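Data block below; observations after.
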Amino acid sequence: MRKIFLFLFITSSINAFAQPLTVDHIMRDPKWIGTSPSNVFWSNDSKTVFFNWNPQKNSSDSLYAFSINGTAPEKANNSIIERNSALNNAIYNLAGTQMVYAFRGDIYWTDIKTNKTIRVTQTEEQENNPSFIMNEEWIVFTKSPNLFAWHTKTGVLMQLTNIGSGGSTTVGNFNRSAAMINSQTQDGWLQQQQLDLFEVLKERKDKREQRANYVRNNRMVYNDTIKRIATGDKMMQGLQISPDARFVTYRLYQAPSGNKATIVPDYVTESGYTTDLNTRTKVGNALGKFDFYVWDRMRDTLMQIKTDAIPGIQDLPDYAKDYPKRYEGKKLSNRSVVIYGPYWNSSASFAIVDIRAQDNKDRWIMQLEAATGKLLPIDRQRDNAWIGGPGVGGGNFGTKIGWINNEHFYFQSETSGYSHLYVYDVKTQNKKAVTAGNYEVQDLKLSKSKQHFYLLTNETHPGKLNWYRIKTDGSAKERITAWEGGYEVSMSPDEKWIAY
C-alpha cells in the first residue's frame, strides 16, 4: 500500500488578558485571536503547498508557500494562483501522457513526457473548457458561443458549431428533402407517380440521396459548411460535445417576463444618502424556462429532449395532502426542470444527465440515449423541504459525479436520508451503495488509478471529519487521519501528500 505522508500547519496567537473579555472586545477585528491558514492548494508538481495567512496581523492575508523539502513557509507571489489553478484544472488524456488547459483565455497543450507545451490559441477572444475528442487526436474548446477543434498532429483548426441568437429554435432535420413531403398530399402523390413512371428520375433521386448520406456521414471530419443553429431570444448554456464528436448538447434559457425585483434600502453608504439595492424577485414569482437540446451531427438532426419519461414529473407537492379539497382531482402538467450534463464515458457509448426540478423537491439521475432522446431512470431523490447537501449540489455544495470506467458511473445521493456514494453499472443496470450509515460523505475524489475513492466523512461524530480511502467496490476501507477533530484536507496531485 502506498504510504500517505501527513504534515500540519498550526498557528495560534495567545493573548493574556488581566480583565474579563467584553462583548465590545470580542466583536472587534478577529486578528486579536490570531489567524489560521486558509484556502490551501498544491502546485501541479506536488512539491509545494500554498495557503493564505496573516501572521503579522496586516490588513489582509498574504499568499504563503511551503516546500515539502523546506523548513518554514515563505511569502509567495500572488500571480502563482492563477497559473496553478489553470494547471490543477487541466484535462488529461486516458493514458495520462498529455494534458490540455485554459489560461487567461487561451488554450495550452502539454506533452507530459517531454514537458513540451504548445500554445494552441492566442487571440483577443476567450477560449475555455478544453478537452480531448475523436480518439484524443483533437482538442475541442469553446469560443463564445461555439465549439472549435484543433488537430494535435496537423494543427488544423475546425469550427464544429454555428450557433447564434435570433431566428427560430424549431427542431428537426436540417436537410429538408423531397422525401419528406407527405405522400398523402396531392404533391406527394404526384411526386411518387413521377418516380414510378420515369426510371431516370428514380436513378437521379437514388444517387442524390446516396451522395447526401455520404456527405452527412463524413461531416464530423470534413465539415466545410456548418448548419446554423438559432437560439432565438434565449440564452445558451452548457454547450458540450461527445468524445466521438457526434452529439452536441446545450440548454436554452428563457427569462420570465413581468417579474419585479425586490428593492432593499441600503442605509450604510459613503455618501450618507440611502440607496436602493435591486435583489431577486419574490419567492413564488414566475421562473425562467430551460430547454435541453441534442444535435446529432451525423444525421444532422436537432432534438429537444422531452421530460415525459421522468418518474414523478407531474407529482403534486407533498403539502397538497393538507388541502384535499383544493387539490382533489387536480393533476399538474410537467414540472419545469433543469438538465445538467451530459456526463459521457470515454468511449461515448453512454451518457448520464443530472436533472433538477425547479421547485427543488426532486433530483433525478438518468441515462440519456442521445440518438433517440430517450431518458432512462437510474436514481430519484425527493425532499419536501429542499434537495441539496454534500456532493448533491445546491447552496454552497458541489456536485460529485463522474465515470470510473466505461461501464461504471459514480454519484452521491440522499435517497437514504444521508448523502452517500453510489456506483451504477450501465450494462447490468445495477446500483450499489459504496458507503452507508447514519453519516454523510462530505467530500470525495476518485484516485488517478481509478481503483480507490478518497473520502471525507463525519461517521465517527456529526461534528468530526476524517479522511479515508476505500476501493471503488466498497471494500478495504481505511482511515488515514488519526486525530480527533474536524479535518479540512487538500490532497496533492500525485496523491502522496495531504495538507490539513
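The values are calculated or read from the model by the stated rules, or taken from the named source; none is laboratory data. Bear in mind that the values here come from a model prediction, so they are computed numbers and not experimental data. Please note: Cβ atoms are built from the backbone with ideal geometry, for glycine as well, and neighbour counts cover all protein chains shown. For the accessible areas, the whole protein counts, side chains as well, though only heavy atoms, and no ligand, DNA or RNA atoms are used. Shrake-Rupley method; radii C 1.70, N 1.55, O 1.52, S 1.80 Å.
For the stretch 92-110, how many residues meet the condition of being more than 18 Å from Lys450 (Cα to Cα) and part of a strand (DSSP E or B)?
9
I'd like to verify a number: residues in the stretch 366-391 that are within 22 Å of Lys289 (Cα to Cα), in contact (Cβ under 8 Å) with a residue 40 or more places away in the chain and part of a loop (DSSP other than H, G, I, E, B), how many?
Qualifying residue count, the stretch 366-391: 3.
In contact with a Gly (Cβ under 8 Å, 6 or more places away or on another chain) and among the aliphatic types (A, V, I, L, M): is that true of Leu455 in this structure?
no
Quick check, is Thr170 among the hydroxyl-bearing types (Ser, Thr, Tyr), within 17 Å of Met303 (Cα to Cα) and modelled with pLDDT of 65 or more?
Criteria met by Thr170.
Would you pick out the residues in the stretch 288-312 that are of a type in the set (D, E, K, R), in a loop (DSSP other than H, G, I, E, B) and farther than 19 Å from Trp344 by Cβ?
Listed by number, the residues that qualify are Asp300, Lys306, Asp308.
Residue by residue through the stretch 372-404, note down the ones that are of a type in the set (A, V, I, L, M) and farther than 17 Å from Val426 by Cα.
If the condition is that a residue be of a type in the set (A, V, I, L, M) and farther than 17 Å from Val426 by Cα, then Ala385, Ile387, Val392 are the ones that fit.
Could you list, in sequence order, the residues of the stretch 310-361 that are over 23 Å from Trp386 (Cβ atoms), open to solvent by 60 Å² or more (accessible area, probe 1.4 Å) and in contact (Cβ under 8 Å) with a residue 24 or more places away in the chain?
Tyr343, Ser346, Ser347, Ser349
Test Val423 against the stated conditions and say whether it is touching a His at 6+ places or on another chain (Cβ under 6 Å) and hydrophobic (A, V, I, L, M, F, W, C).
Yes: the conditions hold for Val423.
Please work out which residue is surrounded by the most Cβ atoms within 10 Å (Cβ to Cβ), limiting yourself to the stretch 362-387 and to residues that are touching a strand residue (DSSP E or B) at 6+ places or on another chain (Cβ under 6 Å) and farther than 29 Å from Lys450 by Cα.
Here the residue is Asp362.
In the stretch 246-282, how many are assigned to a loop (DSSP other than H, G, I, E, B), of a type in the set (Gly, Ala, Ser) and under 29 Å from Ser336 (Cα atoms)?
The total comes to 3.
Kindly indicate whether Arg363 is of a type in the set (Lys, Arg), closer than 22 Å to Gln240 by Cα and assigned to a strand (DSSP E or B).
Yes; evaluated as a whole, the condition is true for this residue.
Quick one: which strands (runs of 3 or more DSSP E) lie wholly within the stretch 34-91 and hold at least 1 residues that are within 28 Å of the chain's Cα centre (by Cα)?
The strands (runs of 3 or more DSSP E) meeting that bar are 38-42, 48-53.
Within the set of pairs 6 or more residues apart or between chains, which connect a residue that is over 18 Å from Ile480 (Cβ atoms) inside the stretch 432-448 to a residue that is in a strand (DSSP E or B) and aliphatic (A, V, I, L, M) with Cβ atoms less than 6 Å apart?
Correct list of pairs: Lys432/Val423.
For Gly402, which of the numbered conditions (1) under 18 Å from Thr472 (Cβ atoms); (2) small (Gly, Ala, Ser); (3) crowded, with 16+ Cβ neighbours inside 10 Å fails to hold?
(3)
Out of the stretch 68-117, which residues are polar (S, T, N, Q) and open to solvent by less than 30 Å² (accessible area, probe 1.4 Å)?
Asn84, Asn93, Thr110
Per-residue answers, yes or no, for (1) touching a Leu at 6+ places or on another chain (Cβ under 7 Å); (2) at pLDDT 65 or above; (3) surrounded by 12 or more Cβ atoms within 10 Å (Cβ to Cβ):
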| residue | (1), (2), (3) |
| --- | --- |
| Thr185 | no, no, no |
| Gln191 | no, yes, yes |
| Val200 | no, no, no |
| Glu209 | no, yes, yes |
| Ala212 | no, yes, yes |
| Thr225 | no, yes, no |
| Ala230 | no, yes, yes |
| Asp244 | no, yes, yes |
